[in-house]
Amino acid sequence: AWTCMKPSKLYRHLETKHPALKEKPLEYFERKKWENEGQKQLLKATTSTNVSALKASFLVTDRIAKAKKPFTIGEELILPATKDICSELFREAAVKKVENIPLSVSTVTRRISEIAEDIEAQLLERINESPWYAIQVDESTDVDKAILLVFVRYIFQEDVHEDLLCALFLPTNTTAAELFISLNKYISGRLNWLHCVSVCTDGVAAMTGRLSGLTTPHTVIHREMLASRKMPPELNSVLQAVVKIINHIKVHALNSCLFEQLCEEMDAEHRRLLLYTEVRWLSRGKSLARVFELRESLQRFYLEKQSPLAAYFSDADWILKLAYLCDIFNLPNELNLSLQGKMTTFFKLADKVAAFKAKLELWRQRVNTGIFDMFHIVAGIMEETEFGPSFTQLVHDHLFQLSKEFEHYFPIAKDPRLGMEWIRNPKEQLIEIANDGGLKSMFETTSNLFAFWGKVKAEHPDIATKALKVLLPFSTSYLCEAGFSALTATKTRLWSRLDIRSTIQVSLSPITPRWNRLGKQAQSSH
């Protein structure tokens, strides 16, 4: 090859192939060389700009989906705002680069579909590598269609992960058969049903029928709210009176405005009451607490209207019962919130429920001795309110009834921790692990049981696999509930025609898309 570069051969090539250039000076050829190099650099810079703009388009689209914003925000707000920022900080060269970023509505829609496909492909690869997986399913209706959300928990890289597996539209009815057909159609050919250790959902009994052969423990979350529904007639009458008071003001716009103005004149801490609904259990404690805090404003409001409802607020015994209801409803609310969250296990939830049951027994004993300091609102008004043995007996009876209801919904005989303590106390049960100083140290410093057994798996695969299989099932339907909240925030009335499936996948998944692969597959003009 080097022989072709000899001066004699190059000169002969010039004379025979390019005779018109034979008499050109050396400076001409040097200039042509520079022009050629410049064209290469320009092409490289243009290509690099297009690739960067394409990746930026994917990154911005990902943020739009995760922020649950309308797709028009990219073209209408983000791109113009970015151009303004670049114009002030980096001048026109940067603005021209930003202008190349495609963020039209159709482009964002396509990008979200491509990102969702990449996330789904990565997720399916991870699940198929996992020895076991568990799913959590629930159905609801968005603006116009019934949709089934399916979350999955699986083992990946020595730890347990949670993710949205899919969002499926239900073609016709929302019966158990339709749910299973849609779910089975998706999983078949993608995953192995034999590796599924648990299916968590609400309303299992209604779905499976009476003779299903399935073990169907009720989800832990929200059972505590069912347990707190029953109460003595004396307390129930107070609750009904509060509901009547709230509705009398909230239902009428004029009353709401007048009451808000009165609260402002009295310099009250709040201006409005909170509407109470039976379905929203958490609203009960907050609604009662707001009425208690605004009791002086409410009394004056009803006195001015000469309403018989004003008599409630001059009754010290009624106010004391209201204070107790505020306290006792707030406690299950706090328990409910503590049971929610990601990566929960039945150990953690059962511990919290057992602690609450023990507190109920302790509170009952303290009430018998006249101590009410665990009920903060009651304790705050007891110094200025006289109460007799009847109130103490009422609280004692209600706490006893509450304890019985909790035992009914959380029976000791069905405690999921029974026989499974070795999973979180391995050093006491398993001799080989118990005598391993390194594992002891790891157990004490690891943040959760999933991470501990995931690390132990390499050294003790049999026992770790068994432990992870027990821990893997979902203990609540929290992820589906949170998922539907995200769906509602994304698919608003103005975006009722949006196909939510890809958007919700990108919005909820913690998996990072493979940006470089997506950039190579996509076209910058799209």
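Observations, loosely collected:
- Backbone HN-Hα couplings from phi across the range 286-302 [Karplus 6.51/-1.76/1.60, Hz, Gly and Pro as x]: 5, 5, 5, 4, 5, 4, 5, 5, 9, 4, 5, 5, 5, 4, 5, 4, 6
- For Cys166, the amide hydrogen comes within under 5 Å of the amide hydrogens of Val150, counting only partners 5 or more places away or on other chains and with H modelled in the peptide plane.
- Sum of side-chain charges, Cys86 neighbourhood, beta-carbon under 10 Å (Lys, Arg +1; Asp, Glu -1): 0
- Relative contact order for the range 7-112: 28 percent, from Cα pairs under 8 Å spaced at least 6 residues apart, divided by residue count.
- Neighbour net charge for Pro510 - beta-carbon separation under 13 angstrom, K R +1, D E -1: 0
- Net +/- balance of residues flanking Leu322 in space, Cβ distance below 12 Å, scoring K and R +1, D and E -1: -2
- Residues in the range 104-117 carry Karplus couplings, in order, of 5, 4, 5, 5, 4, 4, 5, 4, 4, 4, 5, 5, 4, 5 Hz; the curve used is 6.51 cos²θ - 1.76 cosθ + 1.60 with θ = phi - 60°, and Gly or Pro positions show x.
- Set of aspartates and glutamates near Lys96 by C-alpha distance (under 16 Å), chain-local residues within fewer than 8 positions excluded: Glu75, Asp84, Glu88
- Exposure proxy for Val238, Val243: other Cβ atoms within 10 Å of each Cβ, ordered fewest to most, give Val243, Val238.
We did not get these values from a lab; they are worked out from the coordinates using the rules stated. Keep in mind the model is a prediction, meaning the values are calculated, not measured. Heads up, the Cβs are rebuilt from the backbone with ideal geometry, glycines too, and the neighbour counts pull from every protein chain shown.
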